[in-house]
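Structure first, then comments.
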Amino acid sequence: MDDLQKEHHRLTGLFIEMCNTAAQETENPNLVAAALMTASANYCSYVSTGNAGYLSEKGIDDLTERFRANLQVLQDIKKDEHEKAMAAAQAAEAIKKD
């Protein structure tokens with residue numbers, strides 16, 4: 001893992017920690033998720049266009065595709081982890097039976 005990936009992972013953890021705290025305060029994780037998505041969209045728009053600009057249709061499409069690609073990578077990782085955990089549990093169960 002290079003330095004950029006490490007920093008990305010660290011920042012992601014900070015956002016998750018903040019969301020977990022907010023979810024405890026509001027007792028509504030769906031509201032926290034919606035607020036995070038709004039904040040992310042707002043910040044990404046700012047990074048792309050500055051305070052005075054806004055995204056064109058193509059800009060919205062590009063940002064949506066980047067979000068989709070990141071979501072797909074995350075889900076692939078989660079699926080792989082789940083499948084490994086299930087295989088390990090099945091192996092442990094098989095050992096118990098022997």
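The values are calculated or read from the model by the stated rules, or taken from the named source; none is laboratory data. These numbers come from a predicted model, not from an experiment. FYI the Cβ positions are ideal-geometry reconstructions off the backbone, even for glycines, and counts take in every protein chain you see. The accessibility values were calculated without ligands, DNA or RNA, using every heavy atom of the protein model including side chains. Shrake-Rupley method; radii C 1.70, N 1.55, O 1.52, S 1.80 Å.
Brief remarks on what is shown
- Percent accessible area from carbon and sulfur atoms, the chain, protein chains only, probe 1.4 Å: 59 percent
- Shape of region 32-98, Cα gyration tensor, a/c cut at 1.5: prolate
- In order along region 43-57, the phi-based Karplus estimate (6.51 cos²θ - 1.76 cosθ + 1.60, θ = phi - 60°) of 3J(HN,Hα) comes to 5, 4, 5, 4, 4, 6, 10, x, 5, 8, x, 8, 7, 6, 4 Hz; Gly and Pro are listed as x.
- Whether region 1-74 is rounded, prolate or oblate, judged on the alpha carbon gyration tensor where a/c under 1.5 counts as rounded: oblate
- Within the shell defined by Cβ-Cβ distances under 14 Å, the residues around I60 carry a net charge of -1, with Lys and Arg each +1 and Asp and Glu each -1.
- In the full protein context, the chain carries 88 Å² of accessible surface per residue, based on a 1.4 Å probe and ignoring ligands, DNA and RNA.
- Karplus-derived 3J(HN,Hα) values for region 75-80, using 6.51 cos²θ - 1.76 cosθ + 1.60 with θ = phi - 60°, are 5, 5, 5, 4, 5, 4 Hz; glycine and proline are entered as x.
- Proximal lysines to K84, defined as alpha-carbon separation beneath 27 angstrom and excluding residues fewer than eight positions away on the same chain: K6, K96, K97
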